[in-house]
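S.K.: Pasting a structure below so you can have a look.
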Amino acid sequence: MAATTGNVRASGDSVPEIFESMDYGPAPESPDVVRAWLDKYDRSFGHFINGKWVKPEGRKTYQTKCPSTGEVLATTIQGEDEDVDLAVAAARKAFESWSTLPCHVRARYLYSIARNMQKHQRILTVMESLDNGKPFRESRDADIPLVVRHFYHHAGWAQLMDTEMKGWKPIGVVGAIVPWNFPLMLLTWKVCPALAMGNTVVLKPATYTRMSALMLAEICAEAGLPPGVFNVVTGNGRFGSKLACHPDVDKVGFTGSTEVGQLLRRAVAGTGKKLSLELGGKSPFVVFDSADLDSAVEGVVDAIWFNQGQVCSAGSRLLVQESVFNPFITKLKARMSHLRVGDNLDKCIDMGALVDETQMKTIKEYVEEARKEGAEVHQVSASFPKHDKGFFYPPTLITNVQTVSRVVREEIFGPVLVALPFRTAKEAIALGNNTNYGLGASVWTESIPLGLEAAVSLKAGAVWVNCHNMFDAAAGFGGYKESGYGRDGGKEGLYEYAKPSWQDRPRPNCGEINYTTFAAKYGATVPPIPGSGTVGDKSLTSDGAILPGIDRTYKLYYGGGQKRPDGQYSRPVTGQEGRVLALVGEANRKDVRNAVEAAHKAAPGWGKRAAHNRAQIVYYMAENLEIRRQEFTQQLQLMTGRSEEDCRREVDLAVQRLFYWGAYCDKYGGTVQETTLYGVTAKIHEPMGVIGIACPEEYPLLGFVSLFAPAVVRGNAMIVVPSQKHPLSALDFYQVFDTSDLPGGVVNILTGDRDHITKYLVEHQDIQAMWYFGSAEGSKFVEWTSAENLKRTWVDYGIARDWTDPQQGQGEEFLYQATQAKNIWLPMGDIFAN
Amino acid sequence: MVVRRDFGSRKIGGASLAQTGAPCTDKNLSYSTVMACRNPGVELDLGWVQSTRVNQPATIRRAQYLSTTRTVKKKWQASWLLRAVTCIDLTTLSGDDTPANVQRLCYKAYHPVRDDLLKAVNMQDKGITTGAVCVYPARVKEAVKYLKQAGANIPVASVATGFPSGQYPLSTRLQEVRDAVLQGASEIDIVISRTQALSGDWQGVYDEVKAFREACGEAHLKTILATGELGSLTNVYKASLVAMMAGSDFIKTSTGKEGVNAILPVGVVMCRAIRDYYQRTGYKVGFKPAGGIRSAKDACTWLALMKEELGDEWTHPSMFRIGASGLLTDIERQLYHHVYGRYAAAHQLPMS
């Protein structure tokens, strides 16, 4: 039912008049305390470095304004390169002592910050709303409580690092770059795990919203945090890049747009820095006909009008089952007519102001374009500010659009919802996944089997069942596909701020790479031409007659079969004395294409196999490998010239490793997260999908097994490029695959030039991750090129690891790389009263 | 508001409802008069009833959202509180009720807010009284008498049908209704049979409520669902629909005697049912939360619920009542504070 009061009626505001009209009046929160804080610093702020305010001379300034009134809140500075140097140096110095503190001591500091933040909860709340334009109610009920919760939760992880994160150590200095939509909350998501794991931080808040970060820095100092552990510097986007690229920054944690994420990925490619990206989204909100429609309508409010729709996981694509589409839209329109847009400090509003004029302009352009395409644009609200000092935009619903429209495909980052009908659950999932993004999704149904199946089928880092935009420190948040990688929150989030204990920060030095020509030429490394050698004498004597040896030319292996290379070239594989041992296929881009297709065909079925079944197959591989122990040993000897004993050890370790990973088939499925939700938050470790794996040159068998096995057991399909120099052990292995009941297409093997094949793998848009163990240059190339579709990468920067060492050749790092965490939120409750 | 008879795919049962439907047109409701329009009811549509789904966690979330996004301050708060006063069914339902306290209650209903407070906000001539006085059947006669004595035109509501348990023979429950009407009650607050509701006998619930409605005659029928004894919010929704189909003019949450009484999530569910029923049939049904509403702030939140889920029309006493006894005291205290800027002592306000 439409609201019967609104901005059309101008009723008076005497008690008798309000008694008649029943209008809501203004209900403002006072900004006085925030103003007092701002005034204390004459409304002029610098950086916060090494525990104190630093205001270098001669910096350009930026005026921070309140988006809903235009009031100038303060002047901040635009940092320059030397400011980054100063802050990173402070963080580097602080890292020396901070990283070596006992866990309990770091826990005490984090706990102290949590307590101090609670003490200042109200001023942080008001500051956040003034700075960003978001409703006071949201800062009060969502942002700030979550911020405090994160500090408490991570005080716990700090305490438990020794026991819960065995085998991991701090990374170093973290450069954190965060956006303006949840200024304090999103910085907390970086700072908490970073500090808890023993790192120090230099943070650059977004240009529009710097104030709460600066205030937090002061609170942290007051809470006793040692100087230099947490530093805040302000500046523009270029300044942020400078921070990310600073050689002494060891890890970059970024939340923001996909475009900037791509820039950062390229900027730090090949530097050995860790990177996590939490990027954009176009999250589906799926309503089935079995849903409580009225509740789903409220869910839409949470999904798209929360924070004016400026939420990376905003449910901006409404997908409704055709049978209930019209009634649902009718209900939704009625609900919209009750939404109140107003001043951010008013406690009686649903939506505040957009952060800035440019944001408003972009949104308007999107909506106008949709209108021109013939879409129906519905904009309504119960009240709307009458002044034009703020950047207010009404809640917007767009219908009569289809998947081809830009408003359906692109992230608008505003209060704009598009609605599309679907026919069946299968189609809903297909539409839900028909996007470059994969951050969040929600599913609305009262059917448990449908809700769970849909939640598992939607490719997104967070899936909410009968709710949307639920967050908690105990559950990781982050994306699939072009929504980035890495998780903020939960145990899964800690791995972004820790590295294996045995590993040093790689500092490769590989100079500039021409990304167009790198490894671009087919057959460049070993020309597959006749005359490059003949396969050594394999003739044998039978019944006194000398028989010529049977030619050994290995083919490529994909889709469960041996396939002749598309280029129809083969390359010789030479042993120690330059003797040609065999010829192997020389794969090109078309072979990559075919192999990826085969892998995708196999991936869904393999991912759905019961873990027990996968384990059986992997153990069977171990069994079949051991049967051929002698043969594999000999082949290794022939290729590498190493001793028989050494080669046998490699085979035996490979068998062991298969057992190790066979064991993990059914022991890493996920956990139940202890969030604040009344219900179950289930973290599922889902397979990445299709992974490209370039194996190291050394340990032709063990390296190969160590990499494919964790990927296989966690349900991935893969294209493996075996050791370029010694590929035969991997090729011999396909007979093991075939006799172990591994379904065709799960493991595909392409031989040839490692970097050339890698190039086409990493450039393939439908590969979800690339593992590369090769050169420093190749590593840089992989990281740089991966930016295009933001596939996850795992590279060695040309630094070999000891595959025989269990610490380096197996373990949690491999599980982490082979999976992506999805958190499914399942609120519970039906028991009522008696 | 537009009546959408084509809403959804299901047809409504009653063939003649279009003729009997009496849409509310009275825009100038006075705040102490009886409800303006009736709900004639429709045939029981079990398909509709059984198809309802209520997701409890999401409903609770809606209730929380509502109570944290809507607030009124200062003049607006004072105005809303006065409106709340006009919606109160000022109630006494105790074993020890006697003419003494019933008379006091009736006089308080007629003068719910001190004159000086009303004058201070220029509301002294608006006829501010409570919506009704609500008593047991045996007290109806004197309540009518005292209100008349006081010169008040305030309806007397009587609980009936074996209130609060309803565990009595149908014959006596029907007789209670008739007696209460005969004594001068113009509103009858009946309770549904939880026995029938919990055992899934919606036909039984429907038939009984329909019978009570007939027994009411001209008196308005307010049907108490005793939601705290229905076991699930889905059952609350179903009971709401069945009660409306059977011709209830109001649906009411609780007797005040259950373990859980008027809570906001239940209000959300019942309002949605009212909206659904209205959109499918064109009949408007009123809502009465009762039991546990004690603070002025709560009263504003319930008014906001009506405004948000159903629209401004449902903030009038013709469509909205709050069953309460102590609430009025807190409201009067808040009004005192609004006027004088000080918190009143209890003894400064006439007790009811």
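S.K.: Do we find that residue A:316 is touching a Ser or Thr at 6+ places or on another chain (Cβ under 8 Å), within 14 Å of chain B (Cβ to nearest Cβ) and of a type in the set (Ser, Thr, Tyr) in this structure?
M.R.: no
S.K.: Shifting gears a bit: Taking the range B:247-267 only, how many residues are out of contact with any strand residue (DSSP E or B) (no Cβ under 8 Å at 6 or more places or on another chain) and more than 8 Å from every other protein chain (Cβ to nearest Cβ)?
M.R.: 5
S.K.: With A:372, A:389, A:347 as the choices, which residue is out of contact with any helix residue (DSSP H, G or I) (no Cβ under 9 Å at 6 or more places or on another chain), of a type in the set (Lys, Arg) and within 30 Å of residue A:69 (Cβ to Cβ)?
M.R.: A:389
S.K.: Which of (1) touching a residue at least 12 places away in the same chain (Cβ under 8 Å); (2) out of contact with any Pro (no Cβ under 9 Å at 6 or more places or on another chain); (3) within 13 Å of chain A (Cβ to nearest Cβ); (4) acidic (Asp, Glu) is the odd one out, the single condition residue B:330 does not satisfy?
M.R.: Answer for residue B:330: the failing condition is (3).
S.K.: Of everything in the range A:69-84, what is surrounded by 14 or more Cβ atoms within 10 Å (Cβ to Cβ) and out of contact with any strand residue (DSSP E or B) (no Cβ under 9 Å at 6 or more places or on another chain)? Give them in sequence order.
M.R.: Hit for the range A:69-84 is A:69, nothing else.
S.K.: Quick check on the range A:768-776. Is at least one of its residues in a helix (DSSP H, G or I) and away from chain B (no Cβ under 14 Å)?
M.R.: Checked the range A:768-776: at least one residue is in a helix (DSSP H, G or I) and away from chain B (no Cβ under 14 Å).
S.K.: Filter the range A:13-27 for residues that are over 21 Å from residue A:385 (Cα atoms) and either within 48 Å of the chain's Cα centre (by Cα) or within 7 Å of chain B (Cβ to nearest Cβ) (or both) and give the result.
M.R.: Once the filter is applied, which keeps residues that are over 21 Å from residue A:385 (Cα atoms) and either within 48 Å of the chain's Cα centre (by Cα) or within 7 Å of chain B (Cβ to nearest Cβ) (or both), the range A:13-27 yields A:15, A:16, A:19.
S.K.: While we're looking at this one, here's another question. Out of the helices (runs of 4 or more DSSP H) lying entirely within the range B:1-88, which hold 3 or more residues that are over 18 Å from residue B:247 (Cα atoms) and modelled with pLDDT of 95 or more?
M.R.: B:56-69, B:74-86
S.K.: Then there's this: Considering each residue of the range A:788-818, count those that are among the hydrophobic types (A, V, I, L, M, F, W, C) and surrounded by 19 or more Cβ atoms within 10 Å (Cβ to Cβ), and give that number.
M.R.: Result for the range A:788-818: 6.
S.K.: On to the next question. Would you confirm, using the coordinates I've provided, whether residue B:277 is over 23 Å from residue B:76 (Cα atoms) and free of Cβ contacts under 8 Å to residues at least 40 places away in the same chain?
M.R.: In short, yes.
S.K.: Mind listing just one residue for me: the one in the range A:819-834 that is outside any loop (DSSP other than H, G, I, E, B) and either within 7 Å of another protein chain (Cβ to nearest Cβ) or charged (D, E, K, R) (or both) and, of those, surrounded by the most Cβ atoms within 10 Å (Cβ to Cβ)? Spell out how you get there, then give the answer.
M.R.: From the range A:819-834, those outside any loop (DSSP other than H, G, I, E, B) are A:819-827; that's our starting set.
Add one more test, that the residue is either within 7 Å of another protein chain (Cβ to nearest Cβ) or charged (D, E, K, R) (or both), and what stays is A:822, A:827.
Details: A:822: 26, A:827: 20.
Top of the filtered list is A:822.
S.K.: Ok, one more. Return the residues of the range B:129-139 that are part of a helix (DSSP H, G or I) and of a type in the set (A, V, I, L, M, F, W, C); say none if nothing qualifies.
M.R.: B:138
S.K.: Criterion first (hydroxyl-bearing (Ser, Thr, Tyr), surrounded by fewer than 21 Cβ atoms within 10 Å (Cβ to Cβ) and at pLDDT 95 or above) does residue A:30 satisfy it?
M.R.: So residue A:30 passes the test.
S.K.: Which number in (1) free of Cβ contacts under 8 Å to residues at least 60 places away in the same chain; (2) within 23 Å of the chain's Cα centre (by Cα); (3) buried (at least 22 other Cβ atoms within 10 Å of the Cβ); (4) farther than 30 Å from residue B:126 by Cβ marks the one condition that residue B:79 misses?
M.R.: Among (1) free of Cβ contacts under 8 Å to residues at least 60 places away in the same chain; (2) within 23 Å of the chain's Cα centre (by Cα); (3) buried (at least 22 other Cβ atoms within 10 Å of the Cβ); (4) farther than 30 Å from residue B:126 by Cβ, residue B:79 violates only (4).
S.K.: Out of all the residues in the range B:272-280, is one or more at pLDDT 95 or above, within 20 Å of residue A:833 (Cβ to Cβ) and part of a loop (DSSP other than H, G, I, E, B)?
M.R.: No, because not a single residue in the range B:272-280 is at pLDDT 95 or above, within 20 Å of residue A:833 (Cβ to Cβ) and part of a loop (DSSP other than H, G, I, E, B).
S.K.: Ok, one more. Has the range A:92-99 got at least one residue that is acidic (Asp, Glu) and within 31 Å of the chain's Cα centre (by Cα)?
M.R.: Yes, some residue in the range A:92-99 is acidic (Asp, Glu) and within 31 Å of the chain's Cα centre (by Cα).
S.K.: If the requirement is being at pLDDT 95 or above and either under 28 Å from residue B:67 (Cα atoms) or among the hydrophobic types (A, V, I, L, M, F, W, C) (or both), which of these qualifies: A:380, A:300?
M.R.: Values: A:380 fails: at pLDDT 95 or above.
Exactly one of A:380, A:300 is at pLDDT 95 or above and either under 28 Å from residue B:67 (Cα atoms) or among the hydrophobic types (A, V, I, L, M, F, W, C) (or both), namely A:300.
S.K.: Restricting attention to the range A:422-468, which residues are over 24 Å from the mean Cα position of the chain (by Cα), surrounded by fewer than 20 Cβ atoms within 10 Å (Cβ to Cβ) and under 30 Å from residue A:380 (Cβ atoms)?
M.R.: A:423, A:427, A:446 - these are the residues of the range A:422-468 that are over 24 Å from the mean Cα position of the chain (by Cα), surrounded by fewer than 20 Cβ atoms within 10 Å (Cβ to Cβ) and under 30 Å from residue A:380 (Cβ atoms).
S.K.: Scan (1) more than 23 Å from residue A:562 (Cα to Cα); (2) outside any loop (DSSP other than H, G, I, E, B); (3) of a type outside the set (Phe, Trp, Tyr) for the single condition residue A:789 breaks and write down its number.
M.R.: With respect to (1) more than 23 Å from residue A:562 (Cα to Cα); (2) outside any loop (DSSP other than H, G, I, E, B); (3) of a type outside the set (Phe, Trp, Tyr), residue A:789 is out only on (2).
S.K.: Next question. Against the conditions (1) touching a His at 6+ places or on another chain (Cβ under 8 Å); (2) free of Cβ contacts under 8 Å to residues at least 40 places away in the same chain, where does residue B:169 fall short? Just the number, please.
M.R.: The failed condition is (1).
S.K.: Given the conditions (1) part of a loop (DSSP other than H, G, I, E, B); (2) buried (at least 19 other Cβ atoms within 10 Å of the Cβ); (3) out of contact with any strand residue (DSSP E or B) (no Cβ under 6 Å at 6 or more places or on another chain), report the number of the one that residue A:765 does not fulfil.
M.R.: Single failed check for residue A:765: (2).
S.K.: Kindly indicate which of B:125, B:115 is within 10 Å of another protein chain (Cβ to nearest Cβ) and among the acidic types (Asp, Glu).
M.R.: When all the criteria are applied, what remains is B:125.
S.K.: Regarding the range B:62-76, can at least one residue be identified that is among the β-branched types (Val, Ile, Thr), facing chain A (nearest Cβ under 7 Å) and closer than 30 Å to residue A:445 by Cα? Write out each step before concluding.
M.R.: The first filter runs over the range B:62-76 and keeps only residues among the β-branched types (Val, Ile, Thr), leaving B:68-69, B:71-72.
Filter again for facing chain A (nearest Cβ under 7 Å), leaving B:68-69, B:71-72.
After this cut, where a residue has to be closer than 30 Å to residue A:445 by Cα as well, the list is B:68-69.
Yes.
S.K.: Within 13 Å of chain A (Cβ to nearest Cβ) and more than 23 Å from residue B:134 (Cβ to Cβ): is that true of residue B:282 in this structure?
M.R.: yes
S.K.: Of these, A:127, A:161, which one is of a type in the set (A, V, I, L, M) and either more than 28 Å from the chain's Cα centre (by Cα) or not assigned by TED's automatic domain parsing to the domain that holds residue A:205 (or both)?
M.R.: Testing whether each residue is of a type in the set (A, V, I, L, M) and either more than 28 Å from the chain's Cα centre (by Cα) or not assigned by TED's automatic domain parsing to the domain that holds residue A:205 (or both) leaves just A:127.
S.K.: Restricting to the range A:642-678, count the residues that are surrounded by fewer than 21 Cβ atoms within 10 Å (Cβ to Cβ) and in contact with a Gly (Cβ under 7 Å, 6 or more places away or on another chain).
M.R.: Of the residues in the range A:642-678, 1 are surrounded by fewer than 21 Cβ atoms within 10 Å (Cβ to Cβ) and in contact with a Gly (Cβ under 7 Å, 6 or more places away or on another chain).
S.K.: Right, next: Please work out if residue A:114 is surrounded by 18 or more Cβ atoms within 10 Å (Cβ to Cβ), at pLDDT 95 or above and farther than 29 Å from residue A:164 by Cβ. Steps first, please.
M.R.: Numbers: surrounded by 18 or more Cβ atoms within 10 Å (Cβ to Cβ): yes; at pLDDT 95 or above: yes; farther than 29 Å from residue A:164 by Cβ: no.
No, not satisfied.
S.K.: Could I ask something else about it? So which pairs qualify, if the first residue must be in the range B:288-309 and more than 13 Å from residue B:87 (Cα to Cα), the second must be of a type in the set (Lys, Arg), the Cβ gap must be under 6 Å, and the two must be at least 6 apart or on different chains?
M.R.: Within 6 Å, the pairs are B:304/B:70.
S.K.: Now a separate question. Here is a list of conditions, (1) within 27 Å of residue A:249 (Cα to Cα); (2) modelled with pLDDT under 95; (3) of a type outside the set (Val, Ile, Thr), and residue A:506 meets all of them except one; can you say which number that is?
M.R.: Evaluating residue A:506 over (1) within 27 Å of residue A:249 (Cα to Cα); (2) modelled with pLDDT under 95; (3) of a type outside the set (Val, Ile, Thr) leaves (2) as the failure.
The values are calculated or read from the model by the stated rules, or taken from the named source; none is laboratory data. Treat the numbers as computed from the prediction; the structure is a model and nothing was measured. Note: ideal-geometry Cβ built from the backbone for every residue, glycine included; neighbour counts use all protein chains shown.
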